[in-house]
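Enquirer: Got a structure for you, questions after.
The values are calculated or read from the model by the stated rules, or taken from the named source; none is laboratory data. This one's a predicted model, so the numbers in the text were calculated from it and none came from an experiment. Quick reminder, even Gly has a Cβ in these numbers, built from the backbone with ideal geometry, and neighbours come from all protein chains shown. Heads up: the accessible areas ignore ligands, DNA and RNA and are worked out on the full protein's heavy atoms, side chains in. Shrake-Rupley method; radii C 1.70, N 1.55, O 1.52, S 1.80 Å.
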Amino acid sequence: MSSNLLVNMFYAAPELWYVIWLLFAILIALLFYSVIHILKLNQKNYFLNRDRERFAETLYAAKDGYFSFIYPDTKINDPRKGIKESCSRRLAVMLNLPNGTQSSFDDVLKCFYKDDALKLQKYVGLLQNNGVAFEDMFSIKNGGRVLRLSGARISDAAGNLYCDMVWFRDVSNESTQIDELEAERQKVLEKNRLLNDLFDNLPYPVWLRDENLYLKLVNRKYLDFINTPKDKDAVVREGIEICTSNNESISKDLAQAAHASIKQKRQKVALVRNGERRSFDVTEVPFRAEQTLDKVYSVGSMTDITELDELKRNLKQHQNSHLEILGALGTAFAVFDAKKKLAFYNKAFAKMWELDNAWLEKQPSYVMFLDEIREKRLLPEVPDFVHYKDEEIKDFNKIIEAKEDLLHLPDGRTFRRVRAQYPMGGLLFAFEDVTDRLATRRAYNDLVSTQKEILDNLSAGIAIFAANGRLRLYNKEFANLWKCKEIFLQNEPSIPELVESCRAFFSHVADWEQLRSDIVNHITNSTTKSFSLVRNDHSEIEVVSAELSDGSLMVTCRPNLD
């Protein structure tokens, strides 16, 4: 029945049913669209929440802590009417805040010293009121650590205010390193200042050149030798050189040669200073730069050697005068210089060693001289001539004071040789033929030895005093008679000293000083021929003095056996 009614209604008003079905289809489509839209919104909200959590965790994991002041959104009716404070987990750990991330800004301020807390309040006040950013260093009470705080305002492109952020970074290690670096920097600056003072207070010009021979540094004295009032930096920048009267650099060519050879170069130059001609020694010392060993720099200097040149000239004149005097003497002289070459000789030297003047003028070396006189058999015979020459050459560097020796030649002659340092380097040699003198001395010694043997065979004690009053000869009997020690007699005592040594034999005499004076007077008095002395053992000694032809005095002591 009802179905028939619906059919009848459809046929009675089919348009109405079409509308109803259309509305139903639209409702179904809207419902489906809503479901799809809700699903998409949920998905988008999920990703937004995930990104928010991701960004939040990223901020939490940051090295720096932060404290933010979040403002309400003015574009909508934000339920947050006041400023919200937010503390990060990193900041809570960094400052060891009791309330953790729920800490307020006042809790943060309590971690700082009073003055720093007041300063931070002022910074934050300027940031919140005027948007003034800041950055400064603060120390916290906990462990004395150092934090760098920086404040900044966060807003969008349209100028809508989001929040004010204060970032906290622990820079304790960096601060310590900075302090250490600053202390090191001060040390380096002080060292540079001292080096600069040393450099500038040298009494002569000094300069530094780079690998292209350009000036890099000059000292203060350098400025005295250039005709410009400019300072050191301007002189280096413009490459102003010290020049001669011909306007040529005194050292640039020298530096080029030093750079090319990597060896020190020097030369003497003459400059006019205050109207006076002065001599200077200019040097360029190359070296490889420490940082770049492929580059060669050089240090130049210029020292005044005017007085030294004058001294050298005077010394040369004196030496020439002395050599002229030596040349006129009969003693053989020769000078072998620092290079061991013959620099001077006199006629006596050529004659003594039978050398040709033409050969000597070629300035032979000392080794050549030794070889030449050895061929003439004028050198002492030695088993190893090579070793002998080596020792002779070594003496050039060993002899400091004059050294004397004797050369015994194969032909029986004896030469006395004296070697001494020569002022200009090398050795000065003096040779003298002492053959006759040694022969005379040997004859004299033989005579004295013969006299000694004769005296020792006499039964009386004999003592002979030279003209100067000192003991010259004595025999064994004299030493035994007065119990005199040999070492005492060999020291040539005077007559009073010898008498004093015999005091022990006259201890019975009350006035020894008077007796000693009488004995000395009797011995030295030429009118007294003889006198007697009684010793402690009652023995009587007859003493006779006689003056000899050479002025000496002979004293004879003989025991009186009667």
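Enquirer: Give me the count of lysine pairs in segment 182-272 whose alpha carbons sit under 14 angstrom apart, restricted to pairs 8 or more positions apart or on different chains. Intermediate values should be presented prior to the final figure.
Expert: On the way: Lys216/Lys232; Lys216/Lys252; Lys221/Lys230; Lys221/Lys232; Lys252/Lys265; Lys252/Lys268.
Step by step, the pairs that qualify in segment 182-272 add up to 6.
Enquirer: Here is a further query. With every protein chain left in place, what is the accessible area of Asp436 in Å² (1.4 Å probe, nearest 10)?
Expert: We get 120 Å² for Asp436.
Enquirer: Something else: List every residue whose amide H lies under 5 Å from the amide H of Ala332, counting only residues 5 or more places away in sequence or on a different chain, with H placed 1.01 Å from N in the peptide plane.
Expert: Phe431
Enquirer: Can you return the lysines within cross-link range of Lys114? Criterion is Cα-Cα under 17 Å, with same-chain partners fewer than 8 residues away left out.
Expert: Lys122, Lys141
Enquirer: Specify the angular offset, from 0 to 90 degrees and rounded to the nearest 10, of the alpha carbon long axis of helix 14-60 from the longest principal axis of the alpha carbons in the chain.
Expert: 20 degrees
Enquirer: Oh, and also: Viscosity 0.692 mPa s, temperature 37 °C: what is the translational diffusion coefficient of segment 473-562 from Stokes-Einstein with a Kirkwood Rh over Cα pairs, rounded to a whole number of µm²/s? It would help to have the intermediate numbers written out before the result.
Expert: Working: Rh = 13.8 Å.
Answer from the Stokes-Einstein relation: 237 µm²/s.
Enquirer: Can you give me the pair-distance distribution of the chain, C-alpha pairs, 10 Å bins, whole percents?
Expert: Percent of Cα pairs in each bin: 3, 9, 9, 7, 8, 9, 8, 7, 7, 7, 6, 5, 4, 3, 2, 1, 1, 1, 1, 1, 0, 0.
Enquirer: In the full protein assembly as shown, how much of His522 is accessible to a 1.4 Å probe, in Å² to the nearest 10?
Expert: Rounded to the nearest 10, the figure is 70 Å².
Enquirer: Could you give me the percent of Cα pairs per 5 Å distance bin for segment 104-247, shortest bin first, beginning at zero and ending with the bin that holds the maximum distance?
Expert: Each 5 Å bin holds this share of Cα pairs: 2, 7, 12, 12, 9, 7, 6, 5, 5, 7, 9, 9, 5, 3, 1, 0, 0.
Enquirer: Under a crude label model (7 Å from the Cα following the beta-carbon direction), how far is Ala257 from Trp359 in nanometres?
Expert: Each label point is offset 7 Å from its Cα along the Cβ direction, giving 3.8 nm.
Enquirer: Below 29 Å, Cα to Cα, which lysines can Lys376 reach? Residues fewer than 8 away in the same chain don't count.
Expert: Lys339, Lys340, Lys341, Lys347, Lys351, Lys362, Lys389, Lys394, Lys398, Lys403
Enquirer: By accessible area of protein heavy atoms, probe 1.4 Å, what ranking do Leu515, Leu198 get, highest first?
Expert: On the way: Leu515 35, Leu198 110 Å².
Largest to smallest exposure gives the sequence Leu198, Leu515.
Enquirer: With θ set to phi - 60°, apply the Karplus curve 6.51 cos²θ - 1.76 cosθ + 1.60 along segment 88-93 and write out the HN-Hα couplings as whole Hz, x wherever there is a Gly or Pro.
Expert: 7, 4, 4, 5, 4, 6
Enquirer: Quick one, what does Rg over Rh come out to for segment 418-512 if you take C-alpha atoms and the Kirkwood Rh? List each step's numbers first, then the result.
Expert: Values: Rg = 21.1 Å, Rh = 16.9 Å.
Across segment 418-512, the Cα-based Rg/Rh ratio is 1.25.
Enquirer: If you don't mind, there's one more thing I want to ask. Counting each DSSP H run of 4 or more residues in the chain as -39500 (n - 2.57), what helix-only mean residue ellipticity at 222 nm follows after dividing by all residues, to the nearest 500 deg cm²/dmol? Before the final figure, lay out each step's value.
Expert: Values: 18 runs with 244 residues, N = 562.
Calculated at 222 nm, the ellipticity per residue is -14000 deg cm²/dmol.
Enquirer: Another question, then. Report ³J(HN,Hα) in whole Hz for each residue of segment 163-170, in order, from the Karplus equation J = 6.51 cos²θ - 1.76 cosθ + 1.60 where θ = phi - 60°; Gly and Pro get x.
Expert: Residue by residue, segment 163-170 yields 6, 10, 10, 10, 9, 10, 10, 7 Hz.
Enquirer: Where nothing but the Cβ of Lys and Arg (+1) and of Asp and Glu (-1) is charged, how large is the charge dipole of the chain around its Cα centre, in debye to the nearest 20? Write down the numbers at each step before the final one.
Expert: Numbers: 76 positive and 81 negative charges, 494 e Å.
Computed about the Cα centre, the dipole is about 2380 debye.
Enquirer: Quote the accessible area belonging to Leu109 in square angstrom, nearest 10, computed with a 1.4 Å probe and with ligands, DNA and RNA left uncounted.
Expert: The accessible area comes out at roughly 20 Å².
Enquirer: Can you list the aspartates and glutamates whose alpha carbon sits under 19 Å from that of Lys119, skipping same-chain ones fewer than 8 residues off?
Expert: Partners found: Asp106, Asp107, Glu135, Asp136, Asp164, Asp170.
Enquirer: How high is the relative contact order of the chain? Use alpha-carbon pairs under 8 Å, at least six apart in sequence, and give a whole percent. Mind dumping the intermediate values first?
Expert: Details: 766 pairs, mean separation 29.7, N = 562.
It rounds to 5 percent for the chain.
Enquirer: Assign unit charges at the C-beta atoms only (+1 for Lys and Arg, -1 for Asp and Glu), then state the dipole size of segment 407-523 relative to its Cα centre in Debye, rounded to the nearest 20.
Expert: Working: 15 positive and 15 negative charges, 95 e Å.
Around 460 debye, computed over segment 407-523.
Enquirer: Turning to a different aspect of this structure: Given just the C-alpha atoms of segment 484-530, how large is their convex hull per residue in cubic angstrom?
Expert: Details: hull volume 4.0 nm³, N = 47.
Per residue, the Cα convex hull of segment 484-530 comes to 86 Å³.
Enquirer: In a solvent-free Debye calculation with one equal scatterer on each Cα, what is log10 I(q)/I(0) for segment 193-285 at q = 0.14 Å⁻¹, listed in the order of the q values?
Expert: Relative scattering, expressed as log10 I(q)/I(0), comes to -0.52.
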